[in-house]
Structures are given as structure tokens and as C-alpha cells.
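One structure is given below, encoded as C-alpha cells.
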Amino acid sequence: MKNHHYKTTIQWTGNKGTGTSGYRDYERSHTISVENKTTIDGSSDPAFRGDKTKHNPEEMFLSSLSSCHMLWYLHFCSEAGIIVTDYQDEATGIMAEAPNGSGHFTEVTLHPTIYVMDDSMIEKAKELHHKASEFCFIANSVNFPVKHIPIVLVK
């Protein structure tokens with residue numbers, strides 16, 4: 001098996017002067033950096049005292065599942081001669097929070113809308129979502145189902 005290595009830097013930027021002296025005394029703000037890439041401003045979900053204008057880990061997790069699926073899907077379409085001209089996914093996820101404050105995702109559903117070049121490509125374009133699910137690195141790393149409900153149209 002071939003290993004691929006990844007590195008990110010997370011820097012907390014939410015110290016308001018007294019650190020974590022109290023639960024309400026600090027911001028959840030942080031930056032997410034990867035060498036030679038745009039820095040992402042992060043926070044926690046507003047339900048957990050986060051800044052609603054910044055990306056939170058749950059949204060980025062959902063985005064990772066969605067983009068990984070899309071990239072595999074486009075790869076398999078190109079190999080199969082399916083010409084995709086547009087792809088958009090409105091992914092949704094459910095995270096269950098336990099009484100003690102911990103939590104976990106119980107499911108994610110991808111809702112991609114795909115446009116293909118020709119009517120003859122629609123059925124194969126729908127089928128290839130199953131193959132993309134089997135190959136998606138991120139979906140293969142989670143312990144809950146990643147469902148997909150694709151809509152394939154001709155543009």
C-alpha cells in the first residue's frame with residue numbers, strides 16, 4: 001500500500017487577553033493553513049459559541065466528503081466517455097450531540113445535480129455515483145453511511 005502524507009497548521013486566534021480563564025472568556029477563532037495555499041478562517045459552530053461568518057469543522061468535514069466524491073465521480077465519467085458540463089452538490093449531514101456534549105455524525109447525504117452533454121449519457125452518469133462512493137478516500141474513512149441522491153440532466 002502506498003502512503004500519502006498531509007500537513008495542516010491550526011493556529012488559535014481567539015485569546016481575548018485572559019486565555020481560557022473561563023468558558024465565555026475566549027473566542028473559538030482560528031486559522032487553518034496549508035503551505036502555499038489560502039488561509040481559511042475557522043471557528044466553532046455558532047451553537048458552540050462560534051463565529052457564524054467563519055468555517056466550522058463540521059461544515060469542512062461535510063465539504064471534504066462532497067468534494068472527494070465529486071472528484072472521483074468526474075474521474076470515472078471522463079474514463080467512461082460521459083461528458084459532464086456542470087456539477088453542484090448541496091450536501092447535508094446530521095450530527096448527533098450526546099447529553100455530555102460529545103457528538104458524532106450519523107449520516108451524510110450528497111445531493112449532486114449533474115449536467116451531461118447528451119441524453120444517452122444519463123443512465124451511466126447515474127451509475128457512476130456508486131463507483132465514486134466505493135473509491136472516495138474520505139467516505140472510506142468514516143463509520144456512517146454516505147448516501148447520494150443524484151439528479152442528472154442534459155444541458
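Based on the Cβ-Cβ distance from residue 130 to residue 96, what FRET efficiency comes out when R0 is 35 Å, to the nearest 0.05? Working shown, then result.
Numbers: r = 27 Å, r/R0 = 0.76.
It comes to 0.85.
In this model, which of 16/54; 131/155; 124/147; 7/124 are farther than 27 Å apart at the alpha-carbon? Intermediate results must be reported in sequence, preceding the final value.
Working: 16/54 17 Å; 131/155 23 Å; 124/147 18 Å; 7/124 36 Å.
Those over the limit are 7/124.
Taking square-rooted eigenvalues a ≥ b ≥ c of the alpha carbon gyration tensor, is the stretch 9-48 rounded, prolate or oblate, where a/c under 1.5 means rounded and, failing that, a/b exceeding b/c means prolate?
Working: a/c = 3.94, a/b = 1.89, b/c = 2.08.
Oblate shape, in that a/c is at least 1.5 and b/c is the bigger or equal ratio.
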Residue of 45, 118, 89 that the Gaussian network model of the chain assigns the largest fluctuation, springs spanning Cα pairs under 10 Å: 118
Whole-angstrom Cα spans of the chain along principal axes, big to small: 63, 38, 36
Net charge of neighbours whose Cβ lies under 14 Å from the Cβ of residue 128, counting Lys and Arg as +1 and Asp and Glu as -1: -1
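Contact order normalised by length for the chain, with contacts defined as Cα pairs under 8 Å and 6 or more residues apart; what percent is it?
Values: 256 pairs, mean separation 26.2, N = 155.
Reported relative contact order: 17 percent.
Once the other residues with Cβ under 14 Å from the Cβ of residue 89 are scored (Lys, Arg +1; Asp, Glu -1), what is the net sum?
Numbers: positive: 147; negative: 59, 86, 90.
Counting the neighbours of residue 89, the net charge comes to -2.
Readers should treat all values here as calculations from the given coordinates under stated rules, not as data from a laboratory. Owing to the predicted nature of the structure, the values given are computational and were not obtained by experimental measurement. Please note: Cβ atoms are built from the backbone with ideal geometry, for glycine as well, and neighbour counts cover all protein chains shown.
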